[in-house]
Each structure stands twice: as structure tokens, then as C-alpha cells.
Amino acid sequence: MIGSVTRITFVGCGLFRASAPARCSALSQSRLLSLLLSLVLCTLLALAPAAWAADSGPAPSIPHILVLGDSLVAGYGLGPGEAFPERLGAALTAKGRPVRITNAGVSGDTSAGGLARAEWSLDDKPDLLILELGANDGLRGLPVDALRRNLAAIIEACRARGVRVLLAGMRAPLNMGADYARRFDAVYPELAKQYGLTLYPFFLEGVALDRALNLPDGMHPNPRGVEIIVQRMLPVVERELDALRR
């Protein structure tokens with residue numbers, strides 16, 4: 001490249017050789033020196049960002065949270081952006097914690113349904129999975145042992161992939177009888193203890209049975225109810241994100 005520039009410079013100077021050869025020679029050397037200095041400066045400027053990036057290390061990745069659950073997180077009866085995962089993401093971002101959130105809630109899903117789609121949900125490579133399942137098991141009076149097996153299998157699938165789990169507990173409906181409710185409610189703390197998980201004891205804490213915070217069906221939180229769930233769970237989720245960083 002320099003040889004090409006030099007040739008052009010001397011050809012240009014040849015136009016003036018007859019009238020001012022000394023001036024042309026000095027001008028050629030001056031232009032050549034300027035070009036060389038410009039090339040060196042451009043090279044240094046081009047290398048500077050790469051050197052800075054190497055010194056500063058890789059940029060921190062944004063945590064990915066996947067919420068695996070039923071209609072309570074799917075956003076049943078709510079408008080766009082009003083479901084629990086979306087509102088949780090907005091609350092975290094507002095606190096300077098940008099995250100990517102995947103809403104993997106399916107209305108009507110049981111723990112068996114969640115297990116059936118757990119593997120392909122995990123293919124999205126979340127860092128943290130919030131596991132909210134069991135409400136429909138309780139409403140249908142499904143066997144408590146099956147609930148335990150299904151949740152345990154989901155937890156083990158997460159462990160195999162290195163995904164952290166935050167377990168959201170559920171409570172059985174009172175009309176299923178005291179013995180069923182006792183065994184059902186015990187599943188969540190027992191699994192949390194067995195696998196060393198963080199347990200949020202009751203997903204609907206502060207919202208369940210409050211008409212002002214639920215849709216007319218009395219079971220699904222309205223937008224106000226969702227906000228209360230988010231604010232109650234937010235500190236727990238933040239601690240899980242801090243644990244991921246460590």
C-alpha cells in the first residue's frame with residue numbers, strides 16, 4: 001500500500017518537475033511522512049477498543065428466569081404484560097436487575113403436565129427456574145404421592161442441567177379433607193429440605209380468598225393481586241439471583 005501511494009506521489013510531482021524539482025521532492029517526502037503517520041495513528045485507534053475489551057473481561061450475562069407453572073402464572077384472565085412473570089421482570093428491572101423472563105405457565109396444568117414439558121422448556125437454558133405447580137392437583141384431588149414424584153422429577157431434571165430452582169409452595173383446598181390437606185401441604189417443605197432448595201411457602205400468600213385481589217372466579221389473582229405476589233416474592237428472587245452470581 002505504501003509503495004502504491006509513493007508511486008502516485010512521484011507521478012504527481014512529475015507534473016511539476018520541469019518548473020520546481022526541489023520543491024516537488026520536498027513536497028513528496030512531506031506527503032509520504034504524513035501518510036505514514038496517519039496509517040500508524042489509524043492502526044493504534046483500531047487496536048485500542050480490542051485491548052480495552054480484553055482488559056475489562058467479558059460483559060456480564062443477563063440472568064434467564066423461567067417460570068414453570070399453571071394458570072396462576074400463565075396470566076389467566078389478565079391483559080398483555082399483566083401476568084406474574086412479566087410483572088416480576090419489570091420489578092427486577094426497576095431495581096437495576098435486568099433479567100430475561102420466560103413465561104412457561106399453562107392454564108389447567110397439573111404437576112404431571114409440567115413434568116411432561118419440563119425437558120423441552122429447559123432447552124431454553126434458564127439460570128433459575130421458579131417452580132409453581134400443584135394447584136390443579138389439589139383441586140382435582142389427585143394423589144399426593146404423584147405430586148411429590150412429579151415435582152421431584154422436575155427438580156432433578158433442573159439439577160442435571162445446572163439450573164437453580166426456587167420452589168413455590170401451594171396449599172390444598174379445604175374441601176379435600178384435613179388428612180389430604182396435611183399430606184399435600186407437606187410436600188413442598190419436604191422437597192425443599194431434601195434437595196436444599198429455597199422455598200417460598202405459599203405462592204398466593206396475601207392474595208388467596210381476598211375478593212378485592214382476585215378475579216370473579218375467586219381463584220385467580222387480578223392485576224392488583226399479581227402485584228402483591230410480585231412484591232412479596234421479589235426479595236426471595238433477588239437472593240436467588242445473588243446466589244447465581246456467587
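Taken over the range 64-93, the criterion of being assigned to a loop (DSSP other than H, G, I, E, B) and small (G, A, S) is satisfied by G75, G77, G79, G81, A83. So is R224 open to solvent by 20 Å² or more (accessible area, probe 1.4 Å), in a helix (DSSP H, G or I) and at negative phi or not? Yes, satisfied.
A search for C-beta distances below 8 Å between a residue of the range 230-246 that is at pLDDT below 95 and any residue that is surrounded by 13 or more Cβ atoms within 10 Å (Cβ to Cβ) and acidic (D, E), counting only pairs 6+ apart in sequence or on different chains, returns L244/D127. Only residues in the range 188-203 that are among the charged types (D, E, K, R) count as the first member; pair them with residues that are open to solvent by 20 Å² or more (accessible area, probe 1.4 Å), Cβ under 8 angstrom, at least 6 apart or cross-chain, and list the lot. What qualifies is E190/R148. Applying the criterion of being within 14 Å of V73 (Cβ to Cβ) and part of a loop (DSSP other than H, G, I, E, B) to the residues of the range 127-142, the residue that is farthest from the chain's Cα centre (by Cα) is G134.
Looking at L197, L174, just one residue is at pLDDT below 95, at negative phi and hydrophobic (A, V, I, L, M, F, W, C), and that residue is L174. Taken together, L204, L234, L166, L209 contain a single residue that is of a type in the set (A, V, I, L, M) and in contact with a strand residue (DSSP E or B) (Cβ under 6 Å, 6 or more places away or on another chain), which is L166.
Taking the range 97-119, which residues are of a type in the set (A, V, I, L, M) and outside any helix (DSSP H, G or I)? First the steps, then the outcome.
Step one: of the range 97-119, the residues of a type in the set (A, V, I, L, M) are 99, 101, 104, 106, 112, 115-116, 118.
Result: V99, I101, A104, V106.
Looking only at residues in the range 87-98 that are buried (at least 19 other Cβ atoms within 10 Å of the Cβ) and within 12 Å of the chain's Cα centre (by Cα), the one that is farthest from L213 (Cα to Cα) is L92.
The values are calculated or read from the model by the stated rules, or taken from the named source; none is laboratory data. The structure presented is a predicted model; accordingly, all values stated were derived computationally and were not measured. Because the Cβ atoms are built from the backbone with ideal geometry, glycine has one as well, and the counts that use them run over all protein chains shown. We work out accessible area using only protein heavy atoms, side chains counted, and drop any ligands, DNA or RNA first. Shrake-Rupley method; radii C 1.70, N 1.55, O 1.52, S 1.80 Å.
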